[in-house]
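So the structure is just underneath, and the comments pick up after that.
The values are calculated or read from the model by the stated rules, or taken from the named source; none is laboratory data. Note that the structure is predicted; figures quoted are calculated from it, not measured. Counting neighbours? That spans all protein chains shown, and the Cβs are built from the backbone with ideal geometry, glycine included.
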Amino acid sequence: MVPWRATDDGFVGQDVLDWYRRFAEGRPGAIVVEATGIRDVPSGPLLRIGDDRFVDGLRRLVDVVRQGSGGETRLFIQLIDFLAIRRRPEPEKFFERFLVVRDGHRRALSDTLSDSRWNIAPESDVRAMLSTLAPAALESVLDARELESLRRGHRERVTDEHLPHIRDLPRMLPELFASAAQRAERAGFDGVELHYAHAYTMASFLSALNTRADGYGGPRESRVRLPLEVFRAVRGAVSGDCVVGCRFLADEVIAGGNRVEDAAWFGVEFARAGMDFLSLSKGGKFEDAREPKVGQAAYPYTGPSGHECMPTVRSDARGPFGRNLPLARSVRRAVRDAGFATPVVASGGINGFAVAEDALERGDADIVAAARQSLADPDWFQKILLGRGEEIRRCKLTNYCEALDQMHKQVTCQLWDRSGVGDVGTPGVPMSRDGRRRLVAPEWRP
């Protein structure tokens, strides 16, 4: 999830430094810094790395993690690209400003209303009439993409090849990722994680829903083409000491999407190309996201695929603990059977030592990752090592944190964000913008 601590211009600020310092104090084996945009475009309080001016702040972040962990924690940064998505509009605004009125709309409106005059009516009258139609009638007039734009907000797809900037993605993205990776290495990061998962651009190229006709869509061999070209560009742009891996989906969990068999095939191809690690996730897609309210944008973790991405105690009878480990095991087995030793990282509902250790012993993965548990207790690794497991704050897996992310609020944990918070805040403790929540977990000393 995105913690929403960067400045409005995407720079590292004090809140970002405090956030990662606190995680570093727990001395995990590695930290992967949040999804960081590779383009130099405004994107609110999302970390950015699309220009050299961001390097100094990222270097300070690296220094803070080195100091906080005593040099024990490796530091990677997650590189993302994303396409445009708009908020759900007021119906009147959609018909007045966004809909491109075509002859097909006129014919459909004439048929729906049994009145041929709409075939020659002024465009302004057509727009006004459309804004008054009942939902069922609109389904006879608008196409599927227009209905989606009305009810969910317009969303670009990698298959929108009629748009020049979408058509040119295969030409543009390798260099954008490579330049971002170079900046990450200059800032002092140990490596980069190419984000090929969830609702981001590269995941959409891998998706079975990618039907591009330019050699970058259709069969698996074509869908993996751009992700491999991006990797090769990044690998060639950084030194041999810089780790380069990727995060991708073991299952898209959407109709017509990739399943674990596809992920296993992609994993082998990524290993064959020379990636240093393969980190697996699940779901988190726009296609099945809940319909947003007017004025809000669709959020890819609100539908069934999103619930699988970040399983909760309310998931189903199977529960959330280690829920995605069988998928990681399948991908890892395929990679090993192909003769590659590339480390596989598993995540999702890992909130304790037993779950993590069992996953490693069974061969589900070579590395386990835990975001929400680490948010609940940044020191849980140290507590385990010291035999003080009874002191660990166990994540409740209710996704209180994810709900804050969904609202673009600074992410915190319900287990500690009110701890020691008085009516006027807590001296010396970073506080949320509304002054009601502390932004870092309380300190722990062994």
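Would you point out which residue out of GLU175, GLU161, GLU156, GLU193 is in contact (Cβ under 8 Å) with a residue 12 or more places away in the chain, charged (D, E, K, R) and touching a Ser or Thr at 6+ places or on another chain (Cβ under 7 Å)?
Criteria check complete, one pass: GLU193.
ARG87 fulfils the conditions (1) outside any loop (DSSP other than H, G, I, E, B); (2) touching a residue at least 60 places away in the same chain (Cβ under 8 Å); (3) charged (D, E, K, R) except for a single criterion, (1).
Yes/no per residue for (1) β-branched (Val, Ile, Thr); (2) at pLDDT below 95; (3) assigned by TED's automatic domain parsing to the domain that holds ILE350:
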| residue | (1), (2), (3) |
| --- | --- |
| VAL244 | yes, no, yes |
| SER281 | no, no, yes |
| THR302 | yes, yes, yes |
| GLY306 | no, yes, yes |
| MET310 | no, yes, yes |
| ARG314 | no, yes, yes |
| GLY319 | no, yes, yes |
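Among the residues of the stretch 186-214, those that are more than 18 Å from the chain's Cα centre (by Cα), crowded, with 21+ Cβ neighbours inside 10 Å and under 25 Å from ASP241 (Cα atoms) comprise ALA187, PHE189, GLY191.
Of all residues in the stretch 184-197, those that are part of a loop (DSSP other than H, G, I, E, B) and in contact with a Lys or Arg (Cβ under 7 Å, 6 or more places away or on another chain) total 3. Whether any residue in the stretch 237-246 is touching a helix residue (DSSP H, G or I) at 6+ places or on another chain (Cβ under 6 Å), β-branched (Val, Ile, Thr) and not in a helix (DSSP H, G or I) is what I want to check. Yes, the conditions are met somewhere in the stretch 237-246.
Only a single criterion out of (1) among the small types (Gly, Ala, Ser); (2) surrounded by 19 or more Cβ atoms within 10 Å (Cβ to Cβ); (3) not in a helix (DSSP H, G or I) is not satisfied by ALA178, namely (3). Of all residues in the stretch 244-256, one or more are over 17 Å from the mean Cα position of the chain (by Cα) and crowded, with 18+ Cβ neighbours inside 10 Å.
All of ARG5, ARG27, ARG39 fail the test of being basic (Lys, Arg), crowded, with 20+ Cβ neighbours inside 10 Å and either more than 23 Å from LEU404 (Cβ to Cβ) or in contact (Cβ under 8 Å) with a residue 24 or more places away in the chain (or both), apart from ARG5. Of all residues in the stretch 251-277, those that are within 13 Å of GLU221 (Cα to Cα) and in the same structural domain as GLY217 (by TED's automatic domain parsing) have Cβ atoms under 7 Å from Cβ atoms of residues that are among the β-branched types (Val, Ile, Thr) and part of a loop (DSSP other than H, G, I, E, B), 6 or more apart or on another chain, in PHE266/VAL224; GLU269/VAL224.
Across the stretch 278-328, the qualifying residues are those that are part of a loop (DSSP other than H, G, I, E, B) and among the aliphatic types (A, V, I, L, M), and the one among them that is nearest to ALA371 (Cα to Cα) is MET310. The stretch 358-446 holds helices (runs of 4 or more DSSP H) entirely within its bounds, and those carrying 1 or more residues that are touching a residue at least 24 places away in the same chain (Cβ under 8 Å) and closer than 17 Å to ARG21 by Cα map to 372-376, 380-385.
When ALA137 is evaluated against the numbered criteria (1) assigned to a loop (DSSP other than H, G, I, E, B); (2) more than 30 Å from GLY236 (Cβ to Cβ), which criterion, by number, is the only one it fails? Failed condition: (1).
Among the conditions (1) at pLDDT 95 or above; (2) over 26 Å from GLY13 (Cα atoms); (3) among the polar types (S, T, N, Q), GLN382 misses just one, which is (1).
Selection of first residues in the stretch 291-310 that are within 13 Å of ARG86 (Cβ to Cβ) and of second residues that are of a type in the set (D, E, K, R) and part of a helix (DSSP H, G or I), restricted to Cβ pairs under 8 Å at least 6 apart or on distinct chains, gives the following pairs, ordered by first then second residue: PRO292/ARG152; ALA298/ARG152. Which one is farthest from the chain's Cα centre (by Cα), of the residues in the stretch 90-107 that are touching a residue at least 24 places away in the same chain (Cβ under 8 Å) and in a loop (DSSP other than H, G, I, E, B)? Selected residue: VAL101.
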